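The following block contains the structure, expressed as structure tokens.
Just so it is clear, none of the values below were taken in a lab; they were calculated from the coordinates. This structure is a prediction, so every number in the text was calculated from the model and none was measured. Methodologically, a virtual Cβ is constructed for each residue, glycine included, from the backbone with ideal geometry; neighbour enumeration extends over all protein chains shown.
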Amino acid sequence: MLSATVLQAHTTAGSVLPTGDGYRTAALLACGVWVVMILVTTVLPPRRRRGAVAAPVPGGAAALPRTAGEDAARQEAAR
């Protein structure tokens, strides 16, 4: 949506296409957003899911968060 707004702003009245400067501005803006997202995801620590267990499970398998459906299927299979 942001790139479309920039391109629309660089389209003169009566023209079908934006100017070359509009494409350059939209591309630079997209690159800027990309760099900011890289910095944010590098600086912020990963968010742990609610109920996730970080310790390994006996047998060497990593503990992963399960859904209620997976728990019900395991209980049914154990019977």
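Using θ = phi - 60° and the Karplus relation 6.51 cos²θ - 1.76 cosθ + 1.60, list the HN-Hα couplings for the stretch 26-37 in order, rounded to whole Hz, with x at every Gly or Pro.
Along the stretch 26-37, the couplings run 5, 5, 5, 5, 5, 5, x, 5, 4, 5, 4, 5 Hz.
Quick one: Karplus J couplings for the stretch 74-79, per residue in order, coefficients 6.51, -1.76, 1.60, θ = phi - 60°, nearest Hz, x for Gly and Pro?
5, 5, 5, 5, 6, 6
I've got another one for you. Going by average Cβ neighbours within 10 Å, how do the peptides 6-18, 31-43 rank, with the highest at the top?
6-18, 31-43
Can you work out the Karplus-derived ³J(HN,Hα) for every residue in the stretch 9-21? Use 6.51 cos²θ - 1.76 cosθ + 1.60 with θ = phi - 60°, whole Hz, and x for glycine or proline.
For the stretch 9-21, the Karplus curve yields 5, 9, 9, 6, 4, x, 8, 8, 10, x, 6, x, 5 Hz.
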